[in-house]
Amino acid sequence: MRDLTQPLEECLQAMGEKRNLQEVLRRYPDERDQLIDLLRLSVDLGSLAPSAPAADPAFRLRARNRMLAAAAHRRRGGRWNPFGALPRPAARLAFAGAVAAALLVGGLTSAAASGNSLPGDPLYPVKLAVERAQLAVAFDPATRARLHAQFADVRLGEARRLIAAGRVQDGVRQVDQYDSAVAQFNQALAGGTFDDNAIAELRRFMNDHEASADASLQSLAGSLAAGGDAQAAAAVTRTRSHADQTWKGSERDLQARSADQPGDHSQAHPPASQQPKPPAN
């Protein structure tokens, strides 16, 4: 098994610098599946309860030294492979689990802790990097669409918390980010191919998310208006209207696909995200 330290480092660096992860994976076609396993398992571990305690610094140092010592032993000619007796899929999964556990000791402790971070917090970029990683390893179109909808909910939740904390302008900006995430959901639908089961599941998933988000936006706008911030309330109301148009466009697209023959739905309706946002008053 090839040493994946350098390819994995390049993948993590690409994620951190917001570059295209697929370009890195294309440079390692033979190791692509293993790298995806590592990234996927790392993201799964990173999405564990955000209250996970931080690793003790002394333990992290001991773990790091042991990993370095093992790597040095291998460079000196040690060839023993503890996974060598396992079938290839099992060996790959075991290897992915071992490396992901090592990552969890260090960097992914921050990823787990970033779940409750807000814009401006030191860990917020880590939170966004985890989301990009989830999208990067989601090759199923329906999964990618659901992720975009989930991230829209996250942005809206951040907006609620920011506004409740008195950071109204930051909260309004996150409402705009919610609108952008809804548009990305719509674009993911427009660019994907789905069977009838996936379409039915996506429609249920979308309707649940849209109803909850619409009620939340309405409540936010009402609270802002009651607090005397008419400008912020109007901005939230405009975003609510635009997002509602996008959700309805997505619903029409999925409804048309369920009635069309396979392959005939790509131009059934233009993406609703292309509709202009209502102008500011």
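The values are calculated or read from the model by the stated rules, or taken from the named source; none is laboratory data. This one's a predicted model, so the numbers in the text were calculated from it and none came from an experiment. Here the Cβ positions follow ideal geometry from the backbone for every residue, glycine too, while neighbour counts run over all protein chains shown. Just the protein is used for accessible areas: all its heavy atoms, side chains included, with ligands, DNA and RNA removed. Shrake-Rupley method; radii C 1.70, N 1.55, O 1.52, S 1.80 Å.
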Would you confirm, using the coordinates I've provided, whether A259 is at pLDDT below 85 and under 18 Å from S180 (Cα atoms)? no
From the list A183, A188, exactly one residue is in a helix (DSSP H, G or I) and in contact (Cβ under 8 Å) with a residue 60 or more places away in the chain. Which is it? A183
Give me the pairs: first residue in region 139-162 and within 23 Å of L118 (Cα to Cα), second residue among the acidic types (D, E) and part of a helix (DSSP H, G or I), beta-carbon distance under 8 Å, and six or more apart or on different chains, which are they? L147/E131; F151/E131; V154/E131; L162/D170
Going through region 155-177 one residue at a time, which ones are of a type outside the set (S, T, N, Q) and open to solvent by 50 Å² or more (accessible area, probe 1.4 Å)? R160, R161, A164, A165, G166, R167, R173, D176
Output the residue which, of all residues in region 178-220 that are in contact with a Lys or Arg (Cβ under 6 Å, 6 or more places away or on another chain) and either open to solvent by less than 20 Å² (accessible area, probe 1.4 Å) or among the polar types (S, T, N, Q) (or both), is nearest to D153 (Cα to Cα). Y178
Any residue at all in region 222-230 that is surrounded by fewer than 16 Cβ atoms within 10 Å (Cβ to Cβ), modelled with pLDDT of 90 or more and in contact with a Leu (Cβ under 9 Å, 6 or more places away or on another chain)? yes
Against the conditions (1) modelled with pLDDT of 90 or more; (2) more than 30 Å from A188 (Cα to Cα); (3) touching a helix residue (DSSP H, G or I) at 6+ places or on another chain (Cβ under 6 Å), where does A149 fall short? Just the number, please. (2)
Reported set for region 14-34 where residues are modelled with pLDDT of 75 or more, surrounded by fewer than 17 Cβ atoms within 10 Å (Cβ to Cβ) and part of a helix (DSSP H, G or I) is Q22, E23, R26, R32, D33
Among all residue pairs at least 6 apart or on different chains, which show Cβ distances below 9 Å where the first residue, located in region 207-236, is without any contact (Cβ under 8 Å) to a residue 60 or more places away in the chain and the second is in a helix (DSSP H, G or I) and loosely packed, with under 15 Cβ neighbours inside 10 Å? E210/K248; A233/G222; A233/A226
